[in-house]
Amino acid sequence: MSPTHPTPDDQTVIDATRIWLEKAVIGLNLCPFAKAVYVKNQIRYVVSHARHTDQFLEELDQELEHLANIDPEVTDTTLLIHPTLFPEFGVFNDFLELAEAAPQALGLDEALQVASFHPDFQFADTQPDDMSNYTNRAPYPTLHLIRQASIDRAVESFPDPAAIFERNIEVVNELGPEGWKGLGIPYGEREG
């Protein structure tokens, strides 16, 4: 988001994230495990206002500890969203090494993992407009804090996680750019 655009309020950020979850993640079945926690209202949405990456890392630590200490029936997963700190994917991608190391630094690496989403997400060796990138594109830069126990249960149901990824690429390729735009996922001031 450029400095000329106002910072969206928290509810706008959460609403856009929910629409993305409903229409892309659940609607296209990009994550076969998302629907259950969504319908049970077990997703925690946290909008960060950190002014720099160190402060954002502190918030990440707090959210990881919160998730580790709360009953999974109350909160199974957390989405930590920052609408303005990482406008460029390259900067966000560089930051991910620190974010992904946070559970281990807290002694929580056996319990929690961090996954990432960004409006301009780009896998290595792809072009920016490659549809495969859309499997990890969210309205705002987002860290998904996931319980290892949830991943383990999911893997029992889907023993070949690579098949999910391959299927997701097929789905977004079939959908194409116009189909993705037709989902109506709000991307703030940017094109989605």
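For residue 51, what is the net charge nearby, where nearby means another residue's Cβ is under 12 Å from its Cβ and Lys, Arg count +1, Asp, Glu -1?
Net of charged neighbours comes to -3.
As a footprinting exposure proxy, order 180, 20 by other Cβ within 10 Å, with the fewest listed first.
Ordered by Cβ neighbours within 10 Å, fewest first: 180, 20.
Just to confirm a number: summing +1 for Lys and Arg and -1 for Asp and Glu over residues other than residue 132 whose beta-carbon lies under 11 angstrom from that of residue 132, what do you get?
-4
Based on other C-beta atoms within 10 Å, arrange 152, 94 from fewest to most.
Placing the least packed residue first, the sequence is 152, 94.
Among 84, 78, rank each residue by its count of other Cβ atoms within 10 Å, from fewest to most, as a rough exposure measure.
In increasing order of surrounding Cβ atoms, one gets 84, 78.
Which of rounded, prolate, oblate describes the range 9-112, given a ≥ b ≥ c as roots of the alpha-carbon gyration tensor eigenvalues and a/c under 1.5 marking rounded, otherwise prolate only if a/b is larger than b/c?
oblate
If we sort 56-64, 69-77, 122-130, 100-108 on the protection proxy, mean other Cβ atoms within 10 Å, highest first, what's the order?
By packing density, highest mean first, the sequence is 56-64, 100-108, 69-77, 122-130.
Counting Lys and Arg as +1 and Asp and Glu as -1, each charge on the Cβ, what is the dipole of the range 1-133 about the Cα centre in debye, to the nearest 20?
Computed charge dipole of the range 1-133: roughly 560 debye.
Throughout, read-outs are computed from the coordinates displayed, never taken from laboratory work. This one's a predicted model, so the numbers in the text were calculated from it and none came from an experiment. A quick note on method: Cβ atoms are made from the backbone with ideal geometry, for glycine too, and the neighbour counts reach across all protein chains shown.
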